[in-house]
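Visitor: So that we are looking at the same thing, I have put the structure below in structure tokens.
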Amino acid sequence: MGSPVNRDDIARLATDFYSLLESFKQTPFYHLIFEIFLILTVLWLVCFRKPRPIAKKLTEKEKQELIDEWQPEPLVPPVDTNHPALNVRVLDGIVGKTIEIDGRKSLNFATFNFLNFVGNQRIADKAIQAVQKYGVGSCGPRGFYGTIDIHLELEERLARFFNFEEGIIYSYGFSTIASIIPAYSKRNDILFVDEGIHYAIQKGVEASRSTVKWFRHNDINDLERLLAEQDKHDKKNPKKASTIRRFLIIEGLYMNYGDICPLPRMVELKYKYKYRIFMDESVSFGTIGQTGRGVTEYHNVDRQKIDLISSTLEYSVGSIGGFAVGSSFVIDHQRLSAQGYCFSASLPPLLAAAAIEALNIMDEENSLLFETLMDKSKRLHKKLLDIKGYRVLGEDISPLKHLSLANSLNTIGRLEYIVEFAQTRDITITIARYLNDEHHLPEPSIRLILNVEMTDEELEFLCTVLQEALVKVTA
Amino acid sequence: MTAAKKSKKTDMKNKSSKLSVSDQFHEEFEETPTWTAVITVLGYAILSLLGWLRDFLRNIGIENKKTSQDPNPKNFVPLYQSYECFYTRNLYTRIRDVFNQPIASVAGATVDVMERISDDFNWTFKFTGKKLPSINLGSYNYLGFAENSGPCSEQAIKSIEKYGLTTCSTRHELGTQKYMIELEDLMAKYLNVEDCIAFGMGFATNALNIPALAGKGDLILSDRLNHTSLILGARLSGAVIRTFNHNDIKDLEFQLRNAIIHGQPRTCRPWKKILIIVEGVYSMEGSLCKLPEIIEIKKKYKAYLYVDEAHSIGAIGSRGRGVVDYWNVDPDDIDIHMGTFTKSFGSAGGYIAGKKSLIDHIRIYTHSGCYSLSMSAPVVYQIISALSIIMGLDGTNDGQKRIQQLACNVRYFRRQLVDMGFIVYGNDNSPVVPVMIFMPAKIAAVNREMLKRGCAVVTVGFPATLLTESRVRFCISAGHTKEMLDHALKAMDEVGHLVSLRYSNRNHSRRWNELNRANYDNEYISC
């Protein structure tokens, strides 16, 4: 027995219904249209849309067939046994001013022995003393008892040599710059890079995953154009631009071309466009500048304006390893973020001792050694230019020169003939070797390297042999 | 000694038959106790909070900024993001004195650590000039070849006089001296493979050669705990990289199957080749890779195998030939053998070994062929003489004695640590012995207290390990005598008591003098 529906209930229902209608009237018109549209869409989806066919999963049998059918490529492609890397000249003895190959002594214009420190007795004695104190290997990375007092001494000496606050050493020349760049430049940053840089720097640039803007080799106008473009782009979005770091990656003296970078203008542009300069002075350290302090000395630029100078202990210094110098603000960061520093064993102490002694010699010589080297480079340059038929790349004061044949005769085959001919006349020279995946493969050339101990007669002899070779190869 | 442990010992000595995984493989990774994990995270949280507070105080000028300042004008984009250096400024600097400790002697079984003091809470250091002679439990000196006298150093010294320190040229040009060929031949003989090539740096061996082996269209399956050099090499190669759980064969197989079935991402083209990269001994975990199982899988699915034996060559195996020797597998089953000369040979550099066609390819395409100088003569002669000793070519059995000594030292040291109640990770035979600390403050405490007691140890925390898994990592050497190990164990016992490191739930906590000394001594003598 239910209670009868009385008038109060009906009245309440009516008022509810009335207030509902009122609220409808008060709602904006577009709101109602939107609601109706949504309801219609839901109805359509539920009633009318066809279901997508579900992708059929592979059966176990099909999977096994795919696995059985798959054939990988061989691990390595077939190898060309005539490749020059598999037919190298084997040496036995000190590779100094002269070199012994197959029992014959020849003059060495092929190795990076600019200051003739290879085989230097003082350096050898210091290295022997280091072996007698520290053994050979350092047995650990820098963080775990691999830091030996001699490393600290070398870092301090290098910083002092360049008049910077701090230095840091690495155990391998290649991985120095290749670890430094990714430590500072990350995915969102921009690198302005010269096209002619060395392969190790290219690998560092690649490992950093930053945006790379290549400018034509040593073309300051091209660099300005890129900087201006980037500046225009930045003005559109200044907030984002204030989080993007910019770096200029250059070499002091380019290994692949032998020419010097236009540093003063680059430093001017640094303050205009606000980027940091990382300069690699592997070849120019110990060869350019009145006291061997590199391109900053040569161009008379304030070295403190360069944010980081990286170089190697492998060329002028005659040891193994690499280093970087700069302000403490910049260098200290690498002690925790540079992979080649943190995750690798430190430099064997004997090589550090050798480097310290080489620095001592460079300090004692002050300017005599370097002036002699620059002077002889200039003379060699002039003599080479006198041989018609060769193209000589490189600055006249650079002890590293690239020699190629003029007039579209320049092929690897002809250059190899010249090298072989020179070897029969007891002159050792070499073709500059590159891998094919260089960003900007230089033209084939013979890389001539001047040793400071070479006499005028020996330089004259070199040019005579090159002249003879030219005649034979173009005949 | 129980019968079970005795039989395990006999298994170790009879290596003539191929042993399966379960026979001799004993690895333990005891789980972090829950309460410890909570306290550790709480510890990091408190440190972070304090760090934020200090940063705030520095920014508003109440506290002095101790880090060096950018010499460039202020309108340059900052070189470092503030949050990137938060960890360095506020956590790392507090315990900075336990890392990068300089030494002033050969990094042998004992080492002279240079004493440093800091007046400003580790922002700058001063040397007191005092040297602390300590037992070296941190350097990688497994076979004890880090010596400044003896046949190896004599050979190194002679070579400096004969060859100088460097050739100043690359391998493709004029960097190949006769001694490089001698080293490569000897190493190939040692590993029982066709050919070998040597490089000047172990890190660079991985970073510069993996790109020559893999490229676009290839797949690299890398163990999750692989070394940075392997990861960098894989990244630079341009191949697709996928990781599988550490030493997890099922996961590896699952990933392999998936990869072959579904092909390359997006295009679904078949992979050109698949390369599996593992390490012999993992330096932070102390675990060995399960080589026979991995070889079985690689053969089944036609993949290629790259084994990085940086920590295992010379240190593992009855003849010191690494994990290949330990598991007694055919060296030809591994496509690329890689290793370093830094750890067991007391030198520097790395090598890659395998079939002649592989090595010829690497000779041509390695990045260090055209762009890096060849190895230095004393470094090479140290390796050659160490190899001759290990292989017994010098007419003595010094090499075999060192290998045996290392194995004994490892067993002796590990067993007592485990029995004292510490959590020790890794394989029973690995010369790397990680003991868990967990909490951030204890990283510094253990290091400093052990140094006070004359032991130089390595303690690692985040980011080298997971946040809650800080550890002290001992590297045992054949140069350690029983007295040195006893001293270290006593010191560890005291420090463990002082700092509460006995976390193990599986083994009872015991003090060192509560252990049955006779058992261990007998086992050591009979080893």
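Visitor: Show the residue pairs meeting these rules: Cβ distance below 9 Å; 6+ apart or different chains; first residue within the range B:250-276 and farther than 27 Å from residue B:291 by Cβ and without any contact (Cβ under 8 Å) to a residue 24 or more places away in the chain; second residue among the acidic types (Asp, Glu) and in a loop (DSSP other than H, G, I, E, B).
Guide: Note: no pairs meet the criteria.
Visitor: Residue check: is residue A:197 at pLDDT 95 or above and buried (at least 17 other Cβ atoms within 10 Å of the Cβ)?
Guide: It is false that residue A:197 is at pLDDT 95 or above and buried (at least 17 other Cβ atoms within 10 Å of the Cβ).
Visitor: What do you reckon, is residue A:109 outside the structural domain of residue A:219 (by TED's automatic domain parsing) and either surrounded by 20 or more Cβ atoms within 10 Å (Cβ to Cβ) or over 21 Å from the mean Cα position of the chain (by Cα) (or both)? It would help to see each step written out before you state the result.
Guide: On the way: outside the structural domain of residue A:219 (by TED's automatic domain parsing): yes; either surrounded by 20 or more Cβ atoms within 10 Å (Cβ to Cβ) or over 21 Å from the mean Cα position of the chain (by Cα) (or both): yes.
It is true that residue A:109 is outside the structural domain of residue A:219 (by TED's automatic domain parsing) and either surrounded by 20 or more Cβ atoms within 10 Å (Cβ to Cβ) or over 21 Å from the mean Cα position of the chain (by Cα) (or both).
Visitor: From (1) touching a Phe, Trp or Tyr at 6+ places or on another chain (Cβ under 8 Å); (2) at the interface with chain A (Cβ under 9 Å from one of its Cβ atoms); (3) surrounded by 24 or more Cβ atoms within 10 Å (Cβ to Cβ); (4) closer than 28 Å to residue A:322 by Cα, pick out the condition that doesn't hold for residue B:311.
Guide: Looking at each condition in turn, residue B:311 falls short on (2).
Visitor: Another question, if that's okay. Just to be sure, is residue A:204 crowded, with 17+ Cβ neighbours inside 10 Å and under 20 Å from residue A:443 (Cβ atoms)? First the steps, then the outcome.
Guide: Numbers: crowded, with 17+ Cβ neighbours inside 10 Å: yes; under 20 Å from residue A:443 (Cβ atoms): no.
No; evaluated as a whole, the condition is false for this residue.
Visitor: Additional query: Six or more apart or on different chains, Cβ atoms under 7 Å: show the pairs whose first residue is in the range A:437-455 and over 21 Å from residue A:284 (Cα atoms) and not assigned by TED's automatic domain parsing to the domain that holds residue A:216 and whose second is surrounded by 15 or more Cβ atoms within 10 Å (Cβ to Cβ) and among the β-branched types (Val, Ile, Thr).
Guide: Cβ pairs passing all conditions: A:444/A:431.
Visitor: On to the next question. Cβ-Cβ below 7 Å, separation at least six or inter-chain, first residue in the range A:297-323 and not assigned by TED's automatic domain parsing to the domain that holds residue A:354, second surrounded by 18 or more Cβ atoms within 10 Å (Cβ to Cβ) and in a strand (DSSP E or B): which pairs?
Guide: Going by the 7 Å Cβ cut-off, there are no qualifying pairs.
Visitor: Which of the following residues is more than 19 Å from residue B:43 (Cα to Cα) and either of a type in the set (A, V, I, L, M, F, W, C) or surrounded by fewer than 15 Cβ atoms within 10 Å (Cβ to Cβ) (or both): B:523, B:483?
Guide: None of the other options fit; the residue is B:483.
Visitor: Please go through the range A:423-457 and give me each residue that is closer than 20 Å to residue A:87 by Cα, more than 14 Å from every other protein chain (Cβ to nearest Cβ) and touching a strand residue (DSSP E or B) at 6+ places or on another chain (Cβ under 7 Å), ordered by number.
Guide: Result: A:426, single match.
Visitor: In the range B:363-385, is there at least one residue being away from every other protein chain (no Cβ under 13 Å) and surrounded by 24 or more Cβ atoms within 10 Å (Cβ to Cβ)? Give the steps one after another, and end with the answer.
Guide: Here is the first cut: in the range B:363-385, the residues away from every other protein chain (no Cβ under 13 Å) are none.
No, the range B:363-385 has no match at all.
Visitor: Further question: Determine which single condition residue B:120 fails, assuming it passes every other condition in (1) assigned by TED's automatic domain parsing to the domain that holds residue B:376; (2) surrounded by fewer than 22 Cβ atoms within 10 Å (Cβ to Cβ); (3) under 30 Å from residue A:144 (Cα atoms).
Guide: If we test residue B:120 against (1) assigned by TED's automatic domain parsing to the domain that holds residue B:376; (2) surrounded by fewer than 22 Cβ atoms within 10 Å (Cβ to Cβ); (3) under 30 Å from residue A:144 (Cα atoms), just (1) comes out false.
Visitor: Just to confirm my filter: which strands (runs of 3 or more DSSP E) fall fully inside the range B:288-358 and include at least 2 residues that are over 19 Å from residue B:274 (Cβ atoms) and under 18 Å from the mean Cα position of the chain (by Cα)?
Guide: Of the strands (runs of 3 or more DSSP E) lying wholly inside the range B:288-358, those with at least 2 residues that are over 19 Å from residue B:274 (Cβ atoms) and under 18 Å from the mean Cα position of the chain (by Cα) span B:336-340, B:350-354.
Visitor: Would a scan of the range B:89-105 turn up a residue that is basic (Lys, Arg) and either free of Cβ contacts under 8 Å to residues at least 24 places away in the same chain or at the interface with chain A (Cβ under 7 Å from one of its Cβ atoms) (or both)?
Guide: There is no residue in the range B:89-105 that is basic (Lys, Arg) and either free of Cβ contacts under 8 Å to residues at least 24 places away in the same chain or at the interface with chain A (Cβ under 7 Å from one of its Cβ atoms) (or both).
Visitor: Would you mind stating whether residue B:227 is at the interface with chain A (Cβ under 9 Å from one of its Cβ atoms), surrounded by 21 or more Cβ atoms within 10 Å (Cβ to Cβ) and more than 20 Å from residue B:363 (Cα to Cα)?
Guide: Spelling it out, residue B:227 is indeed at the interface with chain A (Cβ under 9 Å from one of its Cβ atoms), surrounded by 21 or more Cβ atoms within 10 Å (Cβ to Cβ) and more than 20 Å from residue B:363 (Cα to Cα).
Visitor: Can I ask one more? Answer with yes or no whether residue A:128 is within 9 Å of another protein chain (Cβ to nearest Cβ) and in contact with a strand residue (DSSP E or B) (Cβ under 6 Å, 6 or more places away or on another chain).
Guide: No: the conditions fail for residue A:128.
Visitor: Right, something else. Scan the range A:399-422 and tell me whether some residue there is within 14 Å of chain B (Cβ to nearest Cβ) and in a loop (DSSP other than H, G, I, E, B).
Guide: Yes, that holds for at least one residue.
Visitor: Can you work out which of the residues in the range B:510-525 that are assigned to a loop (DSSP other than H, G, I, E, B) and at pLDDT below 85 is nearest to the chain's Cα centre (by Cα)?
Guide: Of the range B:510-525, the ones assigned to a loop (DSSP other than H, G, I, E, B) are B:510-511, B:515-516.
Next cut, at pLDDT below 85 only: B:515-516.
Numbers: B:515: 30, B:516: 32 Å.
The selected residue is B:515.
One line per residue, one yes/no per condition, for (1) modelled with pLDDT of 90 or more; (2) closer than 27 Å to residue A:101 by Cβ:
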position: A:364; (1), (2): yes, no
position: A:380; (1), (2): yes, yes
position: A:400; (1), (2): yes, yes
position: A:410; (1), (2): no, yes
position: A:427; (1), (2): yes, yes
position: A:431; (1), (2): yes, yes
position: A:451; (1), (2): yes, yes
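Visitor: A further question on this structure: Identify, by number, the condition in (1) more than 30 Å from residue A:430 (Cβ to Cβ); (2) exposed (fewer than 10 other Cβ atoms within 10 Å of the Cβ) that residue A:68 doesn't meet.
Guide: Only one criterion is unmet by residue A:68, namely (2).
Visitor: Give the residues of the range B:230-255 that are aliphatic (A, V, I, L, M), within 14 Å of chain A (Cβ to nearest Cβ) and in a helix (DSSP H, G or I), sorted by residue number.
Guide: The answer is B:230, B:231, B:232, B:234, B:236.
Each row is one residue, and each column tells you yes or no for (1) touching a Cys at 6+ places or on another chain (Cβ under 8 Å); (2) surrounded by 14 or more Cβ atoms within 10 Å (Cβ to Cβ); (3) outside any loop (DSSP other than H, G, I, E, B).
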position: A:359; (1), (2), (3): no, yes, yes
position: A:374; (1), (2), (3): no, yes, yes
position: A:395; (1), (2), (3): no, yes, no
position: A:436; (1), (2), (3): no, no, no
position: A:442; (1), (2), (3): no, yes, no
position: A:447; (1), (2), (3): no, yes, yes
position: A:454; (1), (2), (3): no, yes, no
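Visitor: Further question: Which residues, taken from the range A:315-335, are β-branched (Val, Ile, Thr), facing another protein chain (nearest Cβ under 10 Å) and over 21 Å from residue A:449 (Cβ atoms)?
Guide: First, pick out the residues of the range A:315-335 that are β-branched (Val, Ile, Thr): A:317, A:320, A:325, A:330-331.
Restricting the remaining residues to those that are facing another protein chain (nearest Cβ under 10 Å) gives A:317, A:320, A:330-331.
Of everything in the range A:315-335, those that are β-branched (Val, Ile, Thr), facing another protein chain (nearest Cβ under 10 Å) and over 21 Å from residue A:449 (Cβ atoms) turn out to be A:330, A:331.
Visitor: Here's a follow-up. Please determine, by comparing only the residues of the range B:183-240 that are of a type in the set (Ser, Thr, Tyr) and in contact with a Gly (Cβ under 7 Å, 6 or more places away or on another chain), which one is nearest to residue A:437 (Cα to Cα).
Guide: By that ranking, first place goes to B:237.
Visitor: Then there is this: What is the one condition in (1) crowded, with 24+ Cβ neighbours inside 10 Å; (2) touching a Phe, Trp or Tyr at 6+ places or on another chain (Cβ under 8 Å); (3) in a loop (DSSP other than H, G, I, E, B) that residue B:276 does not satisfy?
Guide: Of (1) crowded, with 24+ Cβ neighbours inside 10 Å; (2) touching a Phe, Trp or Tyr at 6+ places or on another chain (Cβ under 8 Å); (3) in a loop (DSSP other than H, G, I, E, B), only one is false for residue B:276: (3).
Visitor: Filter the range B:71-102 for residues that are of a type in the set (Ser, Thr, Tyr) and farther than 30 Å from residue A:148 by Cβ; which is surrounded by the most Cβ atoms within 10 Å (Cβ to Cβ)?
Guide: B:82
Visitor: Then there's this: Restricting to the range B:291-348, count the residues that are over 26 Å from residue B:397 (Cβ atoms) and basic (Lys, Arg).
Guide: 4
Visitor: Being of a type in the set (Lys, Arg) and assigned to a loop (DSSP other than H, G, I, E, B) is the requirement here; does residue B:65 meet it?
Guide: Numbers: of a type in the set (Lys, Arg): yes; assigned to a loop (DSSP other than H, G, I, E, B): yes.
Yes; evaluated as a whole, the condition is true for this residue.
The values are calculated or read from the model by the stated rules, or taken from the named source; none is laboratory data. Being a predicted model, the structure only gives us computed values, none of them experimental. Every residue, glycine as well, gets a Cβ built from its backbone with ideal geometry; the counts of neighbours run over all protein chains shown.
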